[in-house]
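Written below as structure tokens is the structure these notes are about.
Throughout, read-outs are computed from the coordinates displayed, never taken from laboratory work. Bear in mind the structure is a predicted one, so any value in this text is a computation, not a measurement. Cβ placement follows ideal geometry from the backbone for every residue including glycine, while neighbour counts extend to all protein chains displayed.
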Amino acid sequence: MAVTEEPLHLTLVRHGATDWNGAGRWQGWSDTPLGPVGEEQAARLRPRLAGRPCDRAFSSDLARAARTAELSLPAGTPLTLDVRLRELHFGRFEGVTTDDVLHDAGYAQWQLDPWGTPAPEGESLSQVGARLREWAEELPGGRVVAFTHGAAIRALLCDLFGWPARPQPGYVLPFPYQLSHTSLTTLTRSGQGAGARWALVTYNDHAHLE
């Protein structure tokens, strides 16, 4: 008799806010700490995660994501850090304010094809989506929570579901969908390998902040 593969229930959490978020500075791989607002957001998330038992917990190795996990997971939950869960590497735009980025000629060139073209000295969105998908496809079944980053989560969804990642009027990044700090995005996967079927259950659930 064939063994039925246990489905995967994956909850993706965007990290809490940092002082650089508040100042409009692009972070990427810069290892900025969680700010006071972010710590409060993580504390508000904690009761919600207490009601979501998980078999495994993962985080980006960057401090803002790992600290969010530490503050919001039930005490004693083992946490595995994985570099593949990092944010998009913004290259020379890291530490730069949005206003200055918009006046950089390299930004306009990158935005002609942000999915396939790397940010100057950084990554393309397709590279980010591919490394997160590689991580996600390695997961066995069960309940998993992972703490990661805004552009990284959206790049994974673009990779899995064909969502658009192209320039949008009024948007600095090429996503016409917002993602709040400490929000929950939930996916399920049945099967593994080439026959895996992914489904989006919730997106940007941040009821704990309201």
- prompt: Given Cα pairs under 8 Å that are at least 6 residues apart, what percent is the relative contact order of the range 75-210?
  reply: 20 percent
Relative counts (whole %) of C-alpha pair distances in the chain, using bins that are 10 Å wide: 9, 35, 36, 16, 3, 0, 0
query: Of the beta bridges DSSP finds with both residues in the chain, what % are antiparallel, to the nearest 5?
result: 50 percent
message: Explain nothing, just the number: dipole magnitude of the range 7-123 about its Cα centre with +1 on each Lys and Arg Cβ and -1 on each Asp and Glu Cβ, in debye rounded to the nearest 20.
response: 640 debye
- request: For D100 paired with Y171, estimate the spin-label separation in nm (one decimal), with each label point 7 Å from Cα along the Cα-to-Cβ line.
  value: 2.6 nm
query: Of L85, L173, L12, which is the most mobile in a GNM of the chain whose springs link Cα atoms less than 10 angstrom apart?
result: L173
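Give the average over all directions of the projected area of the C-alpha convex hull of the range 136-210, one decimal, in nm².
5.9 nm²
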query: How much net charge surrounds R133 when only other residues with a Cβ under 12 Å from its Cβ are counted (Lys, Arg +1; Asp, Glu -1)?
result: -1
- request: Obtain the nm distance between the two label points defined at A23 and E121 by a simple spin-label model: each point lies 7 Å from its Cα along the Cα-to-C-beta direction.
  value: 1.8 nm
Linear extension gain, R56 paired with L81, 0.36 nm per residue minus alpha-carbon span: 7.9 nm
field: F58 long-range amide H proximity, modeled H, under 5 Å
entry: T80, V145, A146, F147
Qualifying chymotrypsin sites (Phe, Trp or Tyr not before Pro) for the range 121-182 [loop in DSSP, other Cβ within 10 Å: at most 16]: Y171, Y177
